[in-house]
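Chemist: Would you mind keeping the following structure in view while I ask a few things?
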Amino acid sequence: MLKVFLVDDEMPARAELRYLLEQFPDITVIGEAASGEEALEQIPEAEPDAVFLDIHLHDRDGVDVGQEILETMGNPPMVIFASAYDMYAVRAFETEAVDYIVKPFSLHRLEKTVCRIRKWQGQRAADANPRSELEERIASLLQTVLTERGPRRIPGEKNGKILLIDPEDIVFATVEGRNAVIHTETEQYATSFTLQELESRLPEQQFCRTHRAFIVNLNKAAELVPWFKGAVHLVMQDQQKTEIPVSRNAVKEVKRRLGF
């Protein structure tokens, strides 16, 4: 049996991945962690054969967690990084991860990953160096990331339900307490992300941090309003015509990206 450990701060994502992995008769999920610190505490004791590790964790950078696992364990597991984005793929490979999967997960893609885990175990048993094939895999795995990545949707909560929001529908995001709140044209959704974490999940060519407390979808900006002391406000295309502040430091970049 292949022993697998799951690390993701989103419970629905862990549940989905557990369900798919349990379709393989030779795989058993022996543990889960909802944070990087939990993972670093539990994985050395659990001694899994493979760890599925989300790159976006609320307390730690997932790539750094993977690096620490590989550097501190005497017999480290294979690390498979998971993310909704492909921008971290090269850095993930540098930590000796042997695979990289993109959310939303698919059974077809996981079949390839499971095959790689089995092959990696065989190489280790034969005293082969798994790193010897790593560079050869990078090009093909990156191509897989590019061709199989799913829609970049963002989980948001409303009325006790977790909904997947298309970034195209987001007008702006702000922060309430510690976490970000997403606003569409007619609704708003709570998230489990900080504003910085949410920003890292959104397409940078479309979204802009205009202020320490706001991220805006530049495609949803309707009007640029001069403000005092060199600042400006953006009037957004939601029902309330919300005015979003643009700090003086961000004005030049926002104007450039809007074509001024």
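Computed from the coordinates by the stated procedures, all read-outs in this text should not be read as laboratory data. Every value quoted in this text rests on a predicted model; they were computed, and no experiment measured them. Using ideal geometry, Cβ is built from the backbone for each residue, glycine included, and neighbour counts are taken over all protein chains shown.
Chemist: In whole Hz and in residue order, list the ³J(HN,Hα) couplings for the stretch 54-60 that follow from phi through the Karplus curve 6.51 cos²θ - 1.76 cosθ + 1.60, θ = phi - 60°; x for Gly and Pro.
Modeler: 6, 6, 9, 10, 6, 10, 9
Chemist: Ordered by residue, what ³J(HN,Hα) values in Hz, to whole numbers, does the stretch 114-121 give under the Karplus form 6.51 cos²θ - 1.76 cosθ + 1.60, where θ = phi - 60° and Gly and Pro are x?
Modeler: 4, 4, 5, 4, 4, 5, 4, 5
Chemist: Each residue of the stretch 178-185 in turn: what ³J(HN,Hα) in whole Hz from Karplus with 6.51, -1.76, 1.60 and θ = phi - 60°, glycine and Pro shown as x?
Modeler: My calculation for the stretch 178-185 gives 8, 9, 7, 10, 9, 10, 9, 5 Hz in order.
Chemist: Let me ask something else about it. Return the whole-Å distance between the Cα centroid of the stretch 37-52 and the Cα centroid of the stretch 186-225.
Modeler: 34
Chemist: Further question: Once label points are set 7 Å from the Cα along Cα→Cβ at both Lys3 and Phe260, what is their separation, rounded to one decimal in nm?
Modeler: Distance between the two pseudo-spin positions: 5.9 nm.
Chemist: Among residues other than Ala13 whose Cβ falls under 9 Å from its Cβ, what is the net charge (Lys/Arg +1, Asp/Glu -1)?
Modeler: Residues close to Ala13 contribute a combined charge of -3.
Chemist: Separate question: Amide H to amide H, which residues 5 or more places from Ile154 or on other chains are under 5 Å from it, using H placed in the peptide plane?
Modeler: Ile165, Asp166
Chemist: Under 23 Å from the Cα of Lys3, which lysines turn up, not counting those fewer than eight places away in the same chain?
Modeler: The qualifying lysines are Lys103, Lys112, Lys119.
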